[in-house]
Amino acid sequence: MYALLRLSTALFPIFVLSSIQSIVKNLEFNRLNIILGWVLTLLAAVVYSITMEDTVSFWDCGEFIASAYKLLVGHPPGAPFFALLGRVFIIFGGDNPGNAAVMVNYLSVVSSALTIGFLFWTISALCIKMFKTMDGATSVAWTQERIVLTLGSAAIGALAYTF
């Protein structure tokens, strides 16, 4: 049993590397970057929606929900854009005061998940700039190692912020 476990752990990196090689051959870096960014955004949205509170939680959440439902000004500076977007989410939820808290919390889920996606693409863009500086060129000579390093570091950074 122990030998089988050692064999499977030895073969797993080879299997993963060969599958990454076939994916990289079929897709270019930009497409991989976009796909992985949206996958991580979706993953963050699922995690945040699973852990979302269905009612009002502590601190300013109740005030933001009330200001979004009535389109009133919360405490200064008021967060007017959040209140407008919250009202749009409430209207899409049926304009029911009973589910206003859930819909405004879904606004927080969506905006936080989009933040994770933008963080992924920001880290990816910084890696691209680093490779351009290292090469002294205007474009990056993409190798498999550079693709894995760029997408891997961006994914790790975004997932670290997610969890």
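The values are calculated or read from the model by the stated rules, or taken from the named source; none is laboratory data. Since the model is a prediction, treat every value here as computed from it, not as a measurement. All Cβ positions, glycine included, derive from the backbone under ideal geometry; neighbour counts span all protein chains shown. What goes into the accessible areas is simple: the full protein's heavy atoms, side chains included, and nothing from ligands, DNA or RNA. Shrake-Rupley method; radii C 1.70, N 1.55, O 1.52, S 1.80 Å.
General remarks:
- Separation of the residue 95 and residue 118 label points, Cα + 7 Å toward Cβ, nm: 3.0
- Under the simplified labelling scheme, the residue 133-residue 81 pair shows an inter-label distance of 2.8 nm, with each label point 7 Å from Cα along Cα→Cβ.
- Most to least accessible of 87, 31 (protein chains only, probe 1.4 Å): 31, 87
- Working note: Cα atoms of the range 45-163, range along each principal axis, descending, whole Å: 57, 29, 25.
- Extension gain (nm, one decimal) between residue 49 and residue 143, 0.36 nm per residue minus Cα-Cα: 30.2 nm
- When the residues 88, 47 are ordered by accessible surface, computed with a 1.4 Å probe over the protein chains alone, the sequence from largest down reads 88, 47.
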